[in-house]
1. Filter region 276-291 for residues that are surrounded by 13 or more Cβ atoms within 10 Å (Cβ to Cβ) and modelled with pLDDT of 85 or more; which is nearest to Ala44 (Cα to Cα)?
2. Among the residues of region 122-141, are any more than 19 Å from Glu89 (Cα to Cα), without any contact (Cβ under 8 Å) to a residue 24 or more places away in the chain and of a type outside the set (A, V, I, L, M)?
3. Would you say Leu165 is in a loop (DSSP other than H, G, I, E, B) and more than 17 Å from Ala260 (Cβ to Cβ)?
4. Examine region 131-139 for a residue that is outside any helix (DSSP H, G or I) and either in contact with a Ser or Thr (Cβ under 7 Å, 6 or more places away or on another chain) or farther than 30 Å from Ala272 by Cβ (or both), and state whether such a residue exists.
5. Which residues, counting only those in region 285-307, are of a type in the set (S, T, N, Q) and either in contact with an Asp or Glu (Cβ under 8 Å, 6 or more places away or on another chain) or assigned to a loop (DSSP other than H, G, I, E, B) (or both)?
6. Checking Ala181 against (1) surrounded by fewer than 19 Cβ atoms within 10 Å (Cβ to Cβ); (2) in contact with a Phe, Trp or Tyr (Cβ under 9 Å, 6 or more places away or on another chain); (3) in a helix (DSSP H, G or I), which test does it fail?
7. Residue under question is Lys63, and the condition is that it be out of contact with any helix residue (DSSP H, G or I) (no Cβ under 7 Å at 6 or more places or on another chain), surrounded by 15 or more Cβ atoms within 10 Å (Cβ to Cβ), at pLDDT 90 or above and closer than 21 Å to Pro300 by Cα; does it hold?
Amino acid sequence: MTVAHSSEPSNRKPETEDEISLLDLLLVLTKHKKLIIGLPILAAVIAAAVAFSLPNEYTATLKIAPSKNAAVYNWVLTNDQVKETIAKEMKLAEHFDTKGRQATRNAMGNAVKVTLNAKDGFLDINVTDQNPEFAALLANKMGLALQNNLYSMRLLESSKQRYELETRREMAQKNKNKYDAEMKQADLAAMINQLSAADRYGITSLAAIQAESTLQGGVSDMMQNELVRMQDQLSSLQRLVVDSMKKQANANNTGLWIAAVGALQQQAYWDALIERLDRRIELLKKQERDELKMTAAEVPDEKSGPKRALIVLLSAFAALFLSILWAFIAEAIAKSRENSQSLALLSKIGAAWKAK
């Protein structure tokens, strides 16, 4: 029984110590109540004055549909060369009031954020600026730069194919221009005018088949039968044209006749090749548009920042935390001064700090 009574004080001791500790904390806070209450209010007032002096900001968003090429898109949009080109075209150094290319790119990086929207999977180009029209213009310019650079850098398979075809078209156009000039020569033009409609049709049909055969080179086995049929038709047309030349040519103009028919056939060939290349290029452009689907940014009509209420609240909470921290530090220093041993230790610390 006695043992039970003797254990009661030991069980209650921690509770008493906890009560004293809580009361001590409350006492410290009460001693510094002016600082703890006043500093957050002062910080909130200053933060409010600063926050409400800041200009409104607007965010325009261009959205890029989910794609397996999202990583490539992001690389292009954050590429320094691409950003430099946009900065020059839009004179961003003047807009951001920066000096030097790097400073302009840094300012552009702060204004433009490329993020993957986890909610819908879209790649968002967010542009924030004080001018809503400028924000939308820059966002759409970024989208256009992405579209152009995917082609110029040949980063997608369709872009590579389109580049190859457009290179071939440039060569074909040069050859066509050459034969267009030859066809304007008076002697050749007069000779070509003597051709019958059937001969003209045969020559142009032959050229079209040759052009199609050129583009179908290296195709799969599924096209081999069609190519064989076209080659047979080509041989037949060649015989018809040669027979017609023999009937109409005489000893004095055989060479000129051959030159005229050759120029007409070459002109028709390059013309047919260009026509077929254009169709394929347009198809690849459509494929590129299907791969890269964008929703253009609209001019925002609601501000996106600054978040003034949040600035005021964060400032007040930061000041409250610092004031409480300072209250406990000040109380600890005051208690240490009352302890002679602690005072001597503080003196040694001060002396060591001042020593060189």
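The values are calculated or read from the model by the stated rules, or taken from the named source; none is laboratory data. Here the structure is a predicted model, which means the values were calculated and not measured. Cβ atoms come from the backbone with ideal geometry, glycine included; neighbour counts cover every protein chain shown.
1. Here the answer is Leu284.
2. no
3. no
4. yes
5. Across region 285-307, the qualifying residue is only Ser304.
6. Every condition holds for Ala181 apart from (2).
7. For Lys63, the condition - out of contact with any helix residue (DSSP H, G or I) (no Cβ under 7 Å at 6 or more places or on another chain), surrounded by 15 or more Cβ atoms within 10 Å (Cβ to Cβ), at pLDDT 90 or above and closer than 21 Å to Pro300 by Cα - is met.
Residue-by-condition table, conditions (1) small (Gly, Ala, Ser); (2) more than 24 Å from Asn69 (Cα to Cα); (3) crowded, with 16+ Cβ neighbours inside 10 Å:
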residue: Lys113; (1), (2), (3): no, no, no
residue: Asp120; (1), (2), (3): no, no, no
residue: Val127; (1), (2), (3): no, no, yes
residue: Ala139; (1), (2), (3): yes, no, yes
residue: Met142; (1), (2), (3): no, no, yes
